[in-house]
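Working notes for the structure below.
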Amino acid sequence: MATCQILQCGLRAWHATEDLKIIRNTRALTELQAHILTVLALKRRKKRLKAKKKRENAIKEMVTCEAKYVTNLLILRDRFQIPTEALAKRKRWPKNDVQKIFNYLEPIIKLHQDTICVELNAYYARGKNIALVFIKYARWFAIYAQYLKNYNVACDTLYKYREKYKSFHKLLDAQRVDRDTGKRFQEIVSYLIMPCQRISRYELLLQEILRNSFQDEDAKIYDELVEAHKIVHKVAMSNEIFQKNSEDISRLLSLQHTIKGMPITLFAPTRRLIKEGKVQIGKCATKRYSLVETLHKVSEGVEMKPSLLYLFTDIVMWTDCENSYQGHGSLSKGVVHVHERKEGKYINFKLYKYSGIGSAYGKKVSMDTLLCVKLPGKPRKVCEWGDSLKKAIADFGATEKSWKERKARNMR
């Protein structure tokens, strides 16, 4: 008889109390009970072995990732901070500006290179519980809150210096390649964001270790893991808002550097990226046609081109698939229509067109731009884009209204 059939028979026998009284002392029931217990014990052992392997992998990843993290911090210091300080000294730039970019980096390097990395390796080599390291040094993680608070200022200063001084821009590009070995490094922004994500990484790995540990195996180790996870989770939650903010800023700086021929400045303190994706876009002006006529015209005859669409809190921007700038529009007074035709769903939304260089929005032109966005065969994605656009326009309108009201009150 198959194992699953034996288990089913056994369960029916356990639940049939009247029948159990009759056959309680029979040899068949005793053998069945023994077989069920054996199968359950094997299943439990297999589960525990699988969990043990996952736990060991998570612990090993914790140790190896810590070493990589320290290496990346040293790259940030040796390849970017020290040369930048030397350049600033030659050019006589304000010392405070360079400190703003790399503020709190040195204490973080000392904490991890001299303490946490050494302790983790020692505990791992001796087979001791690595959770004790986090319990012991958790109070030092407060330095990350200061780093995250300074991250906005660091990115703002970095962007301004990159735009203002060509020598600084050339230095950052030159430091990405090792002259001797030819090894390439990441951009400075990629290294600056790493400390912002570190505490969350600890929390995830501790959670994985805890998920694959069992209290009945070693109650003391289990309790230490629970305590370490609680401490790190508390720190991560307190830093969550700053971390989200730092990741948004990092993405804006990355797009500013990646998109070619962009006449606007993406980086702004209040701007955030809401949604991005690959779509098909058609575009035409609404100067000669009414809105209804243009919606029909766009849906019928405009050529659709593969594009990348970026929805921010105040503007919409689109590029071609090779990251070349194509256009953008403000969400102010935007109009969104989601409708369905035979060939699929479309989104039509009207935006004010801007052009020119020198400000966040550019120079306003007295002509509207109508975009037709299409995702063939994916009506759900079209609806998601439509809902996101409507919400962004509503939120931007509310923010703009409150800003105008505050301005009017201040002028009284």
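So which residues in region 144-161 are in contact with an Asp or Glu (Cβ under 9 Å, 6 or more places away or on another chain) and open to solvent by less than 60 Å² (accessible area, probe 1.4 Å)? Give the steps one after another, and end with the answer.
In the first step, residues of region 144-161 are kept if they are in contact with an Asp or Glu (Cβ under 9 Å, 6 or more places away or on another chain); the result is 157, 160-161.
Residues satisfying the conditions are T157, Y161.
Scanning region 75-106 for residues that are free of Cβ contacts under 8 Å to residues at least 12 places away in the same chain and of a type in the set (S, T, N, Q), which turns out farthest from Q197 (Cα to Cα)?
Going through the qualifying residues, I end up with N96.
When both residues are 6+ apart or on different chains and their Cβ atoms are under 8 Å apart, which pairs have a first residue that lies in region 374-394 and is closer than 21 Å to T313 by Cβ, and a second that is at pLDDT 65 or above and part of a loop (DSSP other than H, G, I, E, B)?
Close Cβ pairs (under 8 Å, with a partner that is at pLDDT 65 or above and part of a loop (DSSP other than H, G, I, E, B)) amount to A392/T313.
Answer with yes or no whether Y202 is over 17 Å from K60 (Cβ atoms), among the hydroxyl-bearing types (S, T, Y) and open to solvent by less than 70 Å² (accessible area, probe 1.4 Å). Steps first, please.
On the way: over 17 Å from K60 (Cβ atoms): no; among the hydroxyl-bearing types (S, T, Y): yes; open to solvent by less than 70 Å² (accessible area, probe 1.4 Å): yes.
So Y202 fails the test.
Quick one: I82 ticks every box in (1) in contact with an Asp or Glu (Cβ under 8 Å, 6 or more places away or on another chain); (2) farther than 30 Å from E203 by Cα bar one, so which box is it?
Result: I82 passes all but (1).
Identify, by number, the condition in (1) farther than 30 Å from V153 by Cα; (2) buried (at least 20 other Cβ atoms within 10 Å of the Cβ); (3) modelled with pLDDT of 60 or more that F312 doesn't meet.
All conditions are met except number (1).
Give me the pairs, please: first residue somewhere in region 160-181 and over 27 Å from I264 (Cβ atoms), second residue anywhere and in a loop (DSSP other than H, G, I, E, B), beta-carbon distance under 8 Å, and either six or more positions apart or on two chains.
Cβ pairs passing all conditions: Q175/F185; V177/K183; V177/F185; D178/F185.
In this structure, is V189 at pLDDT 90 or above and not polar (S, T, N, Q)? Talk me through it step by step, then tell me what you get.
Details: at pLDDT 90 or above: no; not polar (S, T, N, Q): yes.
Spelling it out, it is not the case that V189 is at pLDDT 90 or above and not polar (S, T, N, Q).
Would you list the helices (runs of 4 or more DSSP H) that sit entirely within region 101-153 and hold 3 or more residues that are under 23 Å from K230 (Cα atoms) and at pLDDT 90 or above? Spell out the reasoning first.
Working: elements: 105-111, 117-126, 131-137.
Per the criteria, 117-126, 131-137.
So which residues in region 196-224 are more than 26 Å from the chain's Cα centre (by Cα) and in a helix (DSSP H, G or I), if there are any at all? Give the derivation first.
Quick first cut of region 196-224, residues more than 26 Å from the chain's Cα centre (by Cα) only: 213-224.
Listed by number, the residues that qualify are A219, K220, I221, Y222, D223, E224.
Of the residues A67, A34, A51, A28, only one is at pLDDT below 90, small (G, A, S) and within 50 Å of the chain's Cα centre (by Cα); which?
On the way: A67 fails: at pLDDT below 90; A34 fails: within 50 Å of the chain's Cα centre (by Cα); A28 fails: within 50 Å of the chain's Cα centre (by Cα).
Every option except A51 fails the conditions.
Based on what the data block shows, is I109 in contact with a Phe, Trp or Tyr (Cβ under 7 Å, 6 or more places away or on another chain) and without any contact (Cβ under 8 Å) to a residue 60 or more places away in the chain? I'd like the intermediate steps shown before the answer.
Working: in contact with a Phe, Trp or Tyr (Cβ under 7 Å, 6 or more places away or on another chain): no; without any contact (Cβ under 8 Å) to a residue 60 or more places away in the chain: yes.
Criteria not met by I109.
Return the only residue of G277, G282, G327 being open to solvent by less than 30 Å² (accessible area, probe 1.4 Å) and at pLDDT below 75. Show your work before the answer.
Details: G277 fails: at pLDDT below 75; G327 fails: at pLDDT below 75.
From the options G277, G282, G327, the qualifying one is G282.
Could you please find all residues in region 62-97 being among the β-branched types (V, I, T) and touching a Leu at 6+ places or on another chain (Cβ under 9 Å)? If you could, list the steps in order and put the result at the bottom.
To start, the set of residues in region 62-97 that are among the β-branched types (V, I, T) comprises 63-64, 70-71, 75, 82, 84.
Hits for region 62-97 are V63, T84.
For region 45-83, enumerate the residues that are among the small types (G, A, S) and open to solvent by less than 40 Å² (accessible area, probe 1.4 Å).
Filtering region 45-83 down to residues among the small types (G, A, S) leaves 51, 58, 67.
Scanning region 45-83 gives A51, A58.
The values are calculated or read from the model by the stated rules, or taken from the named source; none is laboratory data. Please read these numbers as outputs of a predicted model, since none were measured by experiment. Cβ coordinates were reconstructed from backbone atoms using ideal geometry, including for glycine residues, and neighbour counts include every protein chain displayed. Areas reflect the complete protein model, heavy atoms only, side chains present, ligands, DNA and RNA absent. Shrake-Rupley method; radii C 1.70, N 1.55, O 1.52, S 1.80 Å.
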